[in-house]
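In what follows, a structure is listed as structure tokens, so that the remarks can point back to it.
The values are calculated or read from the model by the stated rules, or taken from the named source; none is laboratory data. The model shown is predicted, which means the values in this text are computed figures rather than measured ones. Note that each Cβ is placed from the backbone with ideal geometry, even for glycine, and that neighbours are counted across all protein chains shown.
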């Protein structure tokens, strides 16, 4: 299986699943959900769908359960648009990369602030 085909299909699935979540799902547990990426198995039978959910941990877990429960419905809606032998099983996962990036940025900002404050006190010593 070509990795190019796999990547193209993953992008297509990301777009289609995003559209279905926004337009078709009416579950109140699903708030602001964004599909960040899709990873396909080499045989194209399984797709890990990474989602970012705005809200608390409990709201994120609840939205994830709702999405997993709607996986069959989502598959049925995207099936006519796919030109593959098998429609991949959808497995939803929380994408924590944005949280991780925010944490790293916050830590770097704190380090910079500490450097600036220690450099500022050294400058005061140099002026005397």
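Restricting attention to segment 30-69, which residues are more than 15 Å from the chain's Cα centre (by Cα) and either assigned to a strand (DSSP E or B) or buried (at least 17 other Cβ atoms within 10 Å of the Cβ) (or both)?
Hits for segment 30-69 are 44, 46, 62, 66.
With the structure loaded, tell me whether residue 87 is over 20 Å from residue 37 (Cβ atoms), modelled with pLDDT of 90 or more and within 32 Å of the chain's Cα centre (by Cα) or whether it fails that test. Write out each step before concluding.
Working: over 20 Å from residue 37 (Cβ atoms): no; modelled with pLDDT of 90 or more: yes; within 32 Å of the chain's Cα centre (by Cα): yes.
No.
Filter segment 71-84 for residues that are more than 24 Å from the chain's Cα centre (by Cα) and outside any helix (DSSP H, G or I); which is surrounded by the most Cβ atoms within 10 Å (Cβ to Cβ)? Before the answer, list the steps.
Looking only at segment 71-84, we keep the residues that are more than 24 Å from the chain's Cα centre (by Cα), and these are 80, 83-84.
Within this subset, residues satisfying the condition of being outside any helix (DSSP H, G or I) are 83-84.
Details: 83: 7, 84: 11.
Per the criteria, the residue is 84.
Kindly evaluate residue 19 against the criterion of being out of contact with any strand residue (DSSP E or B) (no Cβ under 7 Å at 6 or more places or on another chain) and in a helix (DSSP H, G or I).
Judged against the criteria, residue 19 is a match.
Which condition number in (1) modelled with pLDDT under 85; (2) exposed (fewer than 10 other Cβ atoms within 10 Å of the Cβ) is the one that residue 100 fails?
(2)
Could you grab the pairs with beta carbons closer than 6 Å, sequence gap of 6+ or different chains, first residue in segment 89-115 and in a helix (DSSP H, G or I), second one modelled with pLDDT of 85 or more?
Final answer for the pair search is 98/52.
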